[in-house]
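Contents: one structure, followed by commentary.
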Amino acid sequence: MLALALFWGMGRPLVGDDPLVDRLVSYTSPLCIVASLSLLLVFSKMKLGHIRWVNWLAASSFSVYLLHEEYLTRNRYLALADYVGQHYAVLVGALLLVAFVPGLYFATTLVDQVRQQLWKKLFSSWLDRLESAVVNRLRS
């Protein structure tokens, strides 16, 4: 958020080809590293216990990451951010992007949860038989 505020505060549209965008939001950016460490410290102090919805979201986090980092879909997200940065006012654009990210996360999580249930229904018994056959073969 700080990166967006700094970027739009200078009166520049959010364009993915801009070198400043790469410096502000890349994984090696000092801003991202400080934000990551801050989140780590905040969540390390929380005592959440066993919360069902946190576990439900965490079960799909890796698939969300894989989908977002896939080279075909990543270009679409960048194109959307470029479009919003060029065609909307600063506040509206920021609100759209802030709403888009969790919405996309939850939609991807729902798709992955459906995938997990289908996997259990279609392949779980077959994989259990395969696993027991391999274990029996290794024991003999």
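Before moving on, here are some points about what is shown:
- Boolean, Leu130 is of a type outside the set (Phe, Trp, Tyr), under 24 Å from the mean Cα position of the chain (by Cα) and in a helix (DSSP H, G or I): no
- Residue match in the range 94-106 (condition: among the small types (Gly, Ala, Ser), modelled with pLDDT under 90 and in the same structural domain as Ser63 (by TED's automatic domain parsing)): yes
- Here the condition is being modelled with pLDDT under 85, loosely packed, with under 13 Cβ neighbours inside 10 Å, of a type in the set (D, E, K, R) and outside the structural domain of Arg23 (by TED's automatic domain parsing); of Glu131, Glu70, it holds for Glu70 alone.
- So Leu104, is it closer than 26 Å to Ala59 by Cα, without any contact (Cβ under 8 Å) to a residue 40 or more places away in the chain and surrounded by 15 or more Cβ atoms within 10 Å (Cβ to Cβ): yes
- Subset tally (residues that are part of a helix (DSSP H, G or I) and under 14 Å from Phe106 (Cα atoms)) for the range 49-82: 13
The values are calculated or read from the model by the stated rules, or taken from the named source; none is laboratory data. As the structure is a prediction and not an experimental result, all values here were calculated from the model. Glycine also receives a Cβ, built like all others from the backbone with ideal geometry; neighbour counts cover every protein chain displayed.
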